[in-house]
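J.: I'd like to ask you about the structure that follows.
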There are 2 protein chains.
Amino acid sequence: MAREALVYLPLGGAGEVGMNMYLYGYGPKGKERFIMIDMGVTFPDMDSSPGVDLIFPDIEWIAERADQLDAIFITHAHEDHIGAIAHLYPRLKAPIYARKFTAHIGRLKMEEHGYDGEEITTVAAMPEQIEAGPFKVGFMPLSHSIPESSALIIDTPAGRIVHSGDFKLDETPVLGEPFDRAAWSKLGPVKALVCDSTNVFSPHAGRSEITVGPAIEKIVAEAEGMVVATTFASNIARVKTLAEAGQAAGRSIVLMGRAMRRMIEAGVETGVIGDFPKVVSPEDAKDVPRGNLMLLATGSQGERRAASAQLSRGKYQGLTLKEGDLFLFSSKTIPGNEVSVGRVVNALSEMGVDVIDDRMADIHVSGHANRPDLEEMHALVKPQILVPMHGEHRMLREHAKLGEAGGIASVIAPNGTMVALQGNRPEVVEFVETGRLYLDGSVQVGALDGIVRDRIRMALNGTVVIGILIDEEDEPLLDAWCELKGLPEIGRSKAPLAEILEEDVGQFLGRADGRTIMNDDKLEEAVRRIVRQASVKEIGKKPEVIVLISRLAA
Amino acid sequence: MAREALVYLPLGGAGEVGMNMYLYGYGPKGKERFIMIDMGVTFPDMDSSPGVDLIFPDIEWIAERADQLDAIFITHAHEDHIGAIAHLYPRLKAPIYARKFTAHIGRLKMEEHGYDGEEITTVAAMPEQIEAGPFKVGFMPLSHSIPESSALIIDTPAGRIVHSGDFKLDETPVLGEPFDRAAWSKLGPVKALVCDSTNVFSPHAGRSEITVGPAIEKIVAEAEGMVVATTFASNIARVKTLAEAGQAAGRSIVLMGRAMRRMIEAGVETGVIGDFPKVVSPEDAKDVPRGNLMLLATGSQGERRAASAQLSRGKYQGLTLKEGDLFLFSSKTIPGNEVSVGRVVNALSEMGVDVIDDRMADIHVSGHANRPDLEEMHALVKPQILVPMHGEHRMLREHAKLGEAGGIASVIAPNGTMVALQGNRPEVVEFVETGRLYLDGSVQVGALDGIVRDRIRMALNGTVVIGILIDEEDEPLLDAWCELKGLPEIGRSKAPLAEILEEDVGQFLGRADGRTIMNDDKLEEAVRRIVRQASVKEIGKKPEVIVLISRLAA
């Protein structure tokens, strides 16, 4: 192996959808210079991370080497690529580069957290390139479901890397640059293509953003009551298509939800959006006949606090839905969100509101490259090496198979896998410890710190608190005191569970030997065991037990 | 309205998928005689019912009228139709009727809970009919993804009702009676069709169970390593098809998971299964070359403890998967289970095991009637009234629209809606309070009792326990004592959170007036407020607070 290695190391996004963060390094081992691509978040769920606000990649490895990090590049402004920027920046403090729209969103995030937005430098698309240590990096436009998504062309002393970011091949993307097949075919020679894998299991070529227009226009034109449409607010091309369909049908447009207003403002301010139909405020909308209104609402994934869910539960910003209104999901339901989206749809059904989603009409297209699109990308770029990124393990594996089938040396490299790219074939050289950080309220905690594990246990098992008072002579004083939380009050013997537990603990304290009473750990363990035994008998559950021991000073 | 009313009242299953329970009543108001159809469960989830074991319909309304209940009929042995039988039977004690296979499963459940299995009477298919008060009820065979599923033909003084149960139209169902179009067309005149709605949004006619055989046979024949297939254990036709594909490829069959063995045994004992290929035990399978093995495993929904998930995590009953093995999901993922199924698939991917699911090959068909099948059912039965049942609200609503479009008077009747059927059109006559019961350990608790709400709060917010000791003169004795569970130990000020809270509570106790100290409720409320304020400042969260106040007797 050459003394100077070119390495790829995913810290997040490889082995999952979300939380993208990739490192490239060049140099002799231990003295590499690094660049980072993307700083994404992923979202918590009740099953595995209850109460958590956001999830980041654990950046310990690169934070320890922050002086070797020359720059951070953000491919686009989706939360799973930019969401961690203000949370993790203080530990890295490298200059950040992004295109105009992405930089605008990034600056808002930095400023919200009290950092200087000017840490982010706006970069034009290729041919402009940023020098960062041994790397030269340029933004090569590609379409995606947000403006100005870009691949990164990373020139290194060991050759050119193409890091795709999230992308699709779209020659008519409504907003932004059409896919430039000719330019893409002239990038070579390319050492390695590091490529989005999320849609590798979608067998048909992706459809262009422009194809959703006619179906949406027709549906909106035929509607009689109020029309509400939801999509991701950051999909500004889609929001524009929806708004224009409303305008064409003589409807006033109302933006519902903070993210919807913020994204459209960002689009207008940065100039990516061009014309956008006039909007009226929810306040003014009350004076417009409902057949002349079109609401564009956040919450396509059924998020409880977003505009769509609030509308489905009743009034939102003074507006209510009624029988005969129409609700469009111009979106797809992300796996895991079926139940929350279903809740919104059923609530709408109870109101008599008709719902049309992407399975009923062609009102949505994906922002990611499907299997044939990936094959086309491989063929255009002709890389020596393929590294599938961004996707669950099964997607990385399938994408690597696709690469190998096309004669490209491919490697499956989930988070923490350091791959050397300077040779003719990718070579796994090291496994780095990676993981997840939780933003919990205002504190960052490790996913394995046990905090969330304890919460899950309390949710599954309920909690018993036992208070014990020991006097100066190491004798129990007062009866033990019990509180229940998240447990039935009455069990098998029809007496209050708290009283039974107090009684059992009291009896134990009466017969316990001095060594147990004197030792907090032993006493706690013994009380816990008694409470759990009695609870299993009474209610068939083993609760979490918190023992509070107070001792009067001797 | 006639003095004698014929009413339909869903207690579960109408407005949801799962937890089926329907009442029919006949007679003068207040003195109706009732029959119950199905006693199903639904399954808890971490989002809304953490720690809960099973969910039943709240049967309070009919339990208060248990002496008016003449019989219970079970359409088929899926958990969402039979799962609550042994849990709710003691409150109803009406005779239970089912066909042979269903009765067999029901008896196992009754006996497991210490009841007499003979409370369940086995009934043959039509023309046999059971008299139950003013009702005569017969089992009319229909196909579904379990043996002997049946519609109920319910003859009443006000006319004939057809209660479909879960069904599909299948003339080649592998097991059980082929769909008998001629017999179904001769049921009339039918007053009301009460009909399964789960697949009303599936636009194409359903495929027969027999159509999955060739694809499965081909895949298994071409496989080289070990083959594992998962499906619902109760889908005995499918299990048989899978086993026969294995046998045809010269493979020994191994049943993995308790439900898989139990269902096949039930199928053999009741004679519904006919021939089944020889099986070998997991123990003996270790001596068989892996290319000659086919495992049939429980856990198609990614259930953590089922055989499939255990295999994906490593060894199960002495067998392990390896690179080059093949795993078939001959099933569909139920909405809400995408993440758990994904976890299994990704773990298999990490092992190098190839996965084929129903989106990649035609190895699964649904057990429910799709939209065109429902239309065919309407046309065959020609009911005067259509009552869509079993389905989320949006499905009931869509099915009612379909009925109306076909000229049938239709009604949307979610749980608790009592509908009179004796007239020419359905008429909603009453809303009855319904809800859910949770089986939690060994105790049945109401869904709205607050127990599960408290668990969810502990999971989201973490818990702080504060112990306070008040002496005989109503003065605080000792310092306040604090324990945290599910919360970070260190917050903004870098000091232990527990110490900060103890300090703040101690300061408050020092300055609190006697009236607060003397009153448990006031003291608790004041301490809770202090703890939450300090926590928000330190960690940005408002925890649940449990205050344990002990008082030395005056």
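J.: Along the charge dipole of the range B:1-96, Cβ charges K/R +1 and D/E -1, which of B:36, B:5, B:57 sits furthest on the positive end?
T.: After comparing all options, I get B:5.
J.: Given the DSSP H assignment, sum -39500 (n - 2.57) over each helix run of at least 4 residues in chain A and divide by its residue total; what's the result at 222 nm in deg cm²/dmol, nearest 500? Please report the intermediate quantities before stating the final value.
T.: Details: 17 runs with 170 residues, N = 554.
Computed ellipticity for chain A at 222 nm equals -9000 deg cm²/dmol.
J.: What relative contact order, as a whole-number percentage, does the range B:230-301 give when Cα pairs under 8 Å and 6 or more residues apart are counted?
T.: Numbers: 100 pairs, mean separation 36.6, N = 72.
Rounded, it is 51 percent for the range B:230-301.
J.: Label the range B:218-291 by shape, choosing from rounded, prolate and oblate, from the square roots a ≥ b ≥ c of the eigenvalues of the Cα gyration tensor; if a/c is under 1.5 it is rounded, and otherwise prolate applies when a/b is larger than b/c, oblate when it is not. Show your work: numbers first, answer last.
T.: Numbers: a/c = 1.91, a/b = 1.48, b/c = 1.29.
Note, shape of the range B:218-291 comes out prolate.
J.: Could you rank B:500, A:62 by how accessible they are, 1.4 Å probe, largest area first?
T.: Numbers: B:500 35, A:62 0 Å².
Order by accessible area, largest first: B:500, A:62.
J.: Let me ask something additional. Per residue, how much accessible area does the range A:210-356 have with a 1.4 Å probe, in Å²? The partial results should precede the final answer.
T.: Values: 6120 Å² over 147 residues.
That works out to 42 Å² per residue.
J.: For a test of the definition: using alpha carbon positions, the gyration tensor, and the 1.5 limit on a/c, classify chain B as rounded, prolate or oblate.
T.: Details: a/c = 2.40, a/b = 1.36, b/c = 1.76.
Note, shape of chain B comes out oblate.
J.: Let me ask you something else. In Å², rounded to the nearest 100, what is the total accessible surface buried by chains B and A against each other with a 1.4 Å probe? Display every interim value, and only then the final one.
T.: On the way: alone 24550 and 24540 Å², together 43770 Å².
That pair of chains buries around 5300 Å² in total.
J.: Another question about this same structure. Modelling each spin label as a point 7 Å along the Cα-to-Cβ direction, I'd like the residue B:315/residue A:404 distance in nm, to one decimal.
T.: Going by the 7 Å Cα→Cβ label model, 2.8 nm.
J.: Can you compute the charge dipole magnitude of the range A:326-411 about its Cα centre, using +1 on each Lys and Arg Cβ and -1 on each Asp and Glu Cβ, nothing else charged? Give it in debye, rounded to the nearest 20.
T.: Details: 8 positive and 12 negative charges, 68 e Å.
Dipole size: approximately 320 debye.
J.: When the chain is fully extended, how far beyond the present Cα-Cα distance does residue B:211 get from residue B:281, taking 0.36 nm per residue of separation? Kindly include the intermediate steps, with their values, before the conclusion.
T.: On the way: separation 70, 0.36 × 70 = 25.20 nm, distance 2.93 nm.
Separation in residues times 0.36 nm, less the Cα-Cα distance, equals 22.3 nm.
J.: Which one of A:469, A:491, A:545 is farthest out on the positive end of the charge dipole of the range A:462-551, using unit charges on Cβ (Lys, Arg +1; Asp, Glu -1) and the Cα centre as origin?
T.: A:491
J.: Okay, next question. Which order do you get for A:356, A:216, A:490 if you rank them by accessible area with a 1.4 Å probe, largest at the top?
T.: Details: A:356 35, A:216 0, A:490 75 Å².
Final ranking, largest accessible area leading: A:490, A:356, A:216.
J.: Excluding ligands and nucleic acids, what accessible area in Å² is computed for residue A:61 using a 1.4 Å probe, to the nearest 10?
T.: 30
J.: Pairs to check: A:542/B:542; A:136/A:186; A:541/B:322; B:31/B:93. Give those whose C-alpha atoms are more than 28 Å from each other in this structure. Please report the intermediate quantities before stating the final value.
T.: Numbers: A:542/B:542 26 Å; A:136/A:186 18 Å; A:541/B:322 38 Å; B:31/B:93 19 Å.
Result: A:541/B:322 exceed 28 Å.
J.: Please identify the helices of chain B, taking whole runs of DSSP H, that span at least 24 Å along their own axis as judged from the Cα atoms and have a mean Kyte-Doolittle score of -1.0 or higher.
T.: Values: long enough: B:520-539 (27 Å, -0.71).
Taking the DSSP H segments of chain B (at least 24 Å long, mean hydropathy at least -1.0), we get B:520-539.
J.: What percentage of the solvent-accessible surface of the range B:179-335, computed with a 1.4 Å probe over protein heavy atoms, is contributed by carbon and sulfur atoms? Walk me through the intermediate numbers first.
T.: Details: 3390 of 6650 Å².
Here carbon and sulfur together make up 51 percent of the probe-accessible area.
J.: About the Cα centre of chain B, what is the dipole size in debye to 20, counting +1 per Lys and Arg Cβ and -1 per Asp and Glu Cβ, all else neutral? Write down the numbers at each step before the final one.
T.: Working: 59 positive and 80 negative charges, 248 e Å.
I would put it at about 1200 debye.
J.: Cα-Cα over 26 Å: which of A:382/B:332; A:191/A:401; B:100/B:286? Walk me through the intermediate numbers first.
T.: On the way: A:382/B:332 37 Å; A:191/A:401 18 Å; B:100/B:286 36 Å.
Exceeds cut-off: A:382/B:332; B:100/B:286.
J.: Considering Cα pairs under 8 angstrom that are at least six residues apart, work out the relative contact order of the range A:89-222 and quote it in whole percent. Before the final figure, lay out the partial values.
T.: Working: 200 pairs, mean separation 21.2, N = 134.
Value for the range A:89-222: 16 percent.
J.: Oh, and also: Please give the solvent-accessible surface of residue B:454 in Å², to the nearest 10, using a probe radius of 1.4 Å with every protein chain present.
T.: 30
J.: Now for a separate question. Which one of A:216, A:352, A:233 has its Cα pushed farthest toward the positive end of the charge dipole of the range A:210-356, where Lys and Arg give +1 and Asp and Glu give -1 at the Cβ?
T.: Checked the options; the winner is A:233.
J.: Calculate the spin-label point distance for residue A:431 paired with residue A:181, positioning each point 7 Å from the Cα along the beta-carbon direction, and give it in nanometres.
T.: Each label point is offset 7 Å from its Cα along the Cβ direction, giving 4.3 nm.
J.: Next question. Distance cut-off 27 Å, Cα to Cα: go down the list B:218/B:278; A:109/A:485; A:240/A:315 and report the pairs above it.
T.: Working: B:218/B:278 20 Å; A:109/A:485 38 Å; A:240/A:315 25 Å.
Over 27 Å Cα-Cα: A:109/A:485.
J.: What is the local net charge at residue B:496, summed over the other residues whose Cβ is closer than 11 Å to its Cβ (Lys, Arg +1; Asp, Glu -1)? Spell out each step's value before the answer.
T.: Details: positive: B:494; negative: B:489, B:499, B:502, B:503, B:538.
Local charge sum for residue B:496: -4.
J.: Same structure again: Rg/Rh for the range B:210-356: what does it come to with C-alpha atoms and Rh from Kirkwood?
T.: On the way: Rg = 13.9 Å, Rh = 15.0 Å.
We get a ratio of 0.93 for the range B:210-356.
J.: For chain B, what's the relative contact order in percent, using C-alpha pairs closer than 8 Å and at least 6 residues apart?
T.: Values: 1253 pairs, mean separation 81.2, N = 554.
Averaging sequence separation for qualifying contacts and normalising by length gives 15 percent for chain B.
J.: So if R0 is 56 Å, what FRET efficiency would residue A:424 and residue B:111 give, r being the distance between their Cβ atoms, rounded to the nearest 0.05?
T.: After rounding to 0.05, the efficiency reads 0.25.
J.: Here's a follow-up. Roughly how big is the protein assembly as shown's charge dipole about its Cα centre, with Cβ charges of +1 (Lys, Arg) and -1 (Asp, Glu), in debye to the nearest 20?
T.: Numbers: 118 positive and 160 negative charges, 483 e Å.
Value, rounded to 20: 2320 debye.
The values are calculated or read from the model by the stated rules, or taken from the named source; none is laboratory data. In this text, all values refer to a predicted model and were calculated from it rather than measured experimentally. Virtual Cβ from ideal backbone geometry, glycine too; neighbours counted across all protein chains shown. Side chains included, ligands, DNA and RNA excluded: accessible areas come from the protein's heavy atoms. Shrake-Rupley method; radii C 1.70, N 1.55, O 1.52, S 1.80 Å.
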